[in-house]
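Below you'll find the structure, written out as structure tokens, and then a few comments.
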Amino acid sequence: MMVQPIVKCNQLTKRYGKKYALDHLDLVIPAGRIVGILGPNGCGKSTLFRAITGLITPDAGEIRVLEQSPGWQTNSQIGYLPDRARWYPRHTVLQAFEWGASFLPGFDLEAAKKFATYMDVDLEMSLAGMSKGQEARVMLILCMSRDVPLIILDEPFAGIDLISREAIIAGMIDYLEEREVSILISTHDIQEVEGLFDYIVLMDQGKAIWSGEADELRAQHGSLHDVFRTFYKREWSR
């Protein structure tokens, strides 16, 4: 039986003034994969994520998420970490987790506590006193601790040091082996995290210029870091 895609875009278009953030985007993302959404700044990654979560209304075209139009019903099944997420600074970590458990569908408080232990996050620490890297870990835990079919992470490793990043990625892999979940990740830290991806979407100027199996892309072009440099030479030469 054919598995339905987790996200399907048909001629999806979003403009801001004269600039196309999404330019008649055609894209099908299969379910049950860890997907790298890659591309230079301004290529449309964050706009695509906001369209998936219903935070923006497309100017034209269609998008289907979990076989439905984006809205409150789909959002209850999506864990979304935007690139500029912020939480209440007066919370301790544990209070932030309890806050998430009070209203986020599928939030698993015990899973969040286990993640915190693995990531060396003090449950009694105030968010106001955290470094950027510590805050990034808490935001990631809040998102990953939900038992939902789709998780979207926009630059989740920003501000996290390399050693911590490696531990977090290893923890994510172990955790995801026990769950049926699709994860979309946008990141510029390709070299460190490319082993996490099994499906890749390359975007440029609001379009998907390549999508497919990560192993196929590596076989054709080498590492994903090399792929990025090859596909986006114009960006590196500016």
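Bear in mind that the values in this text are calculations on the coordinates, not laboratory data. As the structure is a computational prediction, the values presented were derived from the model and not from experiment. Cβ atoms come from the backbone with ideal geometry, glycine included; neighbour counts cover every protein chain shown.
Quick check on my filter: what residues within the range 89-105 are closer than 24 Å to Thr187 by Cβ and within 19 Å of the chain's Cα centre (by Cα)? Those that are closer than 24 Å to Thr187 by Cβ and within 19 Å of the chain's Cα centre (by Cα): Gly100, Leu104.
Only a single item in (1) touching a residue at least 12 places away in the same chain (Cβ under 8 Å); (2) under 20 Å from the mean Cα position of the chain (by Cα) is not met by Met125, and it is number (2). Looking only at residues of the range 147-172 that are farther than 23 Å from Ala101 by Cα and aliphatic (A, V, I, L, M), we find that the one that is surrounded by the fewest Cβ atoms within 10 Å (Cβ to Cβ) is Ile163.
Which members of the range 144-176 meet the condition of being hydrophobic (A, V, I, L, M, F, W, C) and in a strand (DSSP E or B)?
Correct list: Leu150, Ile151, Ile152, Leu153.
Taken over the range 13-45, the criterion of being without any contact (Cβ under 8 Å) to a residue 60 or more places away in the chain, among the charged types (D, E, K, R) and in a loop (DSSP other than H, G, I, E, B) is satisfied by Lys18 alone. When restricted to residues that are assigned to a helix (DSSP H, G or I) and surrounded by fewer than 22 Cβ atoms within 10 Å (Cβ to Cβ), the range 46-79 contains 6. Find the residue count for the range 195-230, including only residues that are surrounded by fewer than 21 Cβ atoms within 10 Å (Cβ to Cβ), of a type outside the set (A, V, I, L, M, F, W, C), in contact with a helix residue (DSSP H, G or I) (Cβ under 8 Å, 6 or more places away or on another chain) and in contact (Cβ under 8 Å) with a residue 40 or more places away in the chain. Of the residues in that region, 2 qualify.
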